[in-house]
Amino acid sequence: MKVSDLVEKFNLIVFSGNNGLENEISGGYVSDLLSDVMGNAGEGEVWITLQTHQNVLAIASLKDLPAVILVKGFEPEAETLNKSNEEGIPILGTRWGTFETAGKLYNFLQED
């Protein structure tokens, strides 16, 4: 499944990184601690967080994460948008909370 499938299914906002919408998704990871994501997220997992700064993209790139979903209506900082476009890692947004977002992603991935 691709990031674009997730965007379409849940009507997510695409803030940046449009050239990465065809990235493949294999799972998800939820954390707001960068060190936790760096140590435990797996390649191909969509990262669900409320962190909006550019270090999010540094970790996402390092871990080969296909996309980042910002929850609760959070929006990325300008530097984060630029880094997202450079790295080809979409930053997506939703008004849902973390729990609801994770549940929807989990169920969606189980359908596939």
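Spelling out what I want: for every residue of the range 40-49, take phi, set θ = phi - 60°, compute 6.51 cos²θ - 1.76 cosθ + 1.60 (Karplus), and round to whole Hz; glycine and proline get x.
Along the range 40-49, the couplings run 10, 5, x, 3, x, 8, 6, 9, 9, 7 Hz.
Just from its helices, what would the mean residue ellipticity at 222 nm be for the chain, if runs of 4 or more DSSP H residues each count -39500 (n - 2.57) and the sum is divided by every residue, rounded to the nearest 500 deg cm²/dmol?
When only DSSP H runs of four or more count, the value is -12000 deg cm²/dmol.
So if each residue of separation counts as 0.36 nm, and I subtract the Cα-Cα distance between Ala78 and Leu109, what length gain in nm does that give?
Full-extension gain reported as 8.1 nm.
Students often check this: by mean Cβ neighbours within 10 Å, which of 26-36, 43-53, 63-73, 10-20 ranks highest, and how do the rest follow?
63-73, 43-53, 10-20, 26-36
How much net charge surrounds Ile91 when only the other residues with a Cβ under 13 Å from the Cβ of Ile91 are counted, with Lys and Arg +1 and Asp and Glu -1?
Net charge in that neighbourhood comes out at -4.
For the chain, what D do you get in µm² per second when you plug the Kirkwood radius from alpha-carbon pairs into Stokes-Einstein at 4 °C and 1.567 mPa s?
Translational diffusion coefficient: 97 µm²/s.
Hey, can you grab everything whose amide H is under 5 Å from the amide H of Ile48? Only 5+ residues off in sequence or another chain; H modelled, so Pro and N-termini drop out.
The list, which skips near neighbours in sequence, is Tyr29, Val30, Ser31, Ile69.
Rule-based calculations on the coordinates, nothing more; no lab input. Quick caveat: nothing in here was measured; it's all calculated off a predicted structure. Backbone-built Cβ (ideal geometry, glycine too); neighbour counts: all protein chains shown.
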